[in-house]
Every structure is written in C-alpha cells, then in structure tokens.
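One structure follows; several queries about it will come next.
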Amino acid sequence: MAGVIIDRGRGPEIAGTRITISDVFDYAKAGWRPARIAAILGLDSDQVAAALEYIEEHRAEVEADDRTIQDRIDRGNPEAIRTKQEASRDRLESLLGAQEEGRGLEDAEYPGR
C-alpha cells in the first residue's frame, strides 16, 4: 500500500506512517530532492512520489494549510499555555536543584504535590 494518501482526521498523510503531506511539503518547498526527503523521513520513493503528486494536485489547499500553520506558529502560544509552561519549567528547575544538592526528589519543592 506504499504511496497511498489517507486522512485520519489530522490532514492528509502517507498511509502506514504518521508523516503528513505538510511534513513533505516543508522539505519540497525548501527545494529538497525526493531521494533526500525519503531518506530524512524514512520513506520509500513511491511514498514520496505519492505525496508530491498529491501536493501538485491539491496545491492551493496545501499552500492554504501551510499558511494557516505558519500563522499559528507566528502567533505563539496563548497566555494560559505560556503560564503552564513557566510553571512546568519552575518545577523542573526545582527538581534539578534538589538533584544537584544531593537531596531526594521527595525533598524537592514541587507545587501541586
């Protein structure tokens, strides 16, 4: 079934993998050759050919999805997510500090425990 493009609800992807058309498109738009795309993503040439063919047949849709993804990346995470990330980073630093001081992890300051 190599080379078949399916959609399991997260966008078109190569059957039998979790590699999306978007993944392949990123490399293709950067000018990578199909053999190099195959090597970096662990695909065979038929799978890459099917992805590139899909991209050509659905170029407007693929480019629109790519713009949407890039816009989301450019916006960054919402404040609530950034707050959770900072709290997580603080917990990790506390655990690492306890480890460096030779204390057990049970002695680390760990909010929510």
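Values quoted throughout were computed directly from the atomic coordinates according to the rules given, and no laboratory measurement underlies them. Here the structure is a predicted model, which means the values were calculated and not measured. Positions of Cβ are generated from backbone atoms using ideal geometry, with glycine treated the same way; all protein chains shown enter the neighbour counts.
Where the second residue is assigned to a helix (DSSP H, G or I) and the first is in contact (Cβ under 8 Å) with a residue 60 or more places away in the chain and lies in segment 88-100, which pairs have Cβ atoms under 6 Å and are six or more apart or on separate chains?
Going by the 6 Å Cβ cut-off, there are no qualifying pairs.
Kindly check whether there is at least one residue in segment 51-58 that is surrounded by 13 or more Cβ atoms within 10 Å (Cβ to Cβ), among the small types (G, A, S) and within 28 Å of D26 (Cβ to Cβ). Please lay out each step first, then the result.
Taking segment 51-58 as the starting set, the residues that turn out to be surrounded by 13 or more Cβ atoms within 10 Å (Cβ to Cβ) are 51-52, 54-55, 58.
Restricting the remaining residues to those that are among the small types (G, A, S) gives 51.
Filter once more, so that each one left must be within 28 Å of D26 (Cβ to Cβ): 51.
Yes, segment 51-58 contains at least one residue that is surrounded by 13 or more Cβ atoms within 10 Å (Cβ to Cβ), among the small types (G, A, S) and within 28 Å of D26 (Cβ to Cβ).
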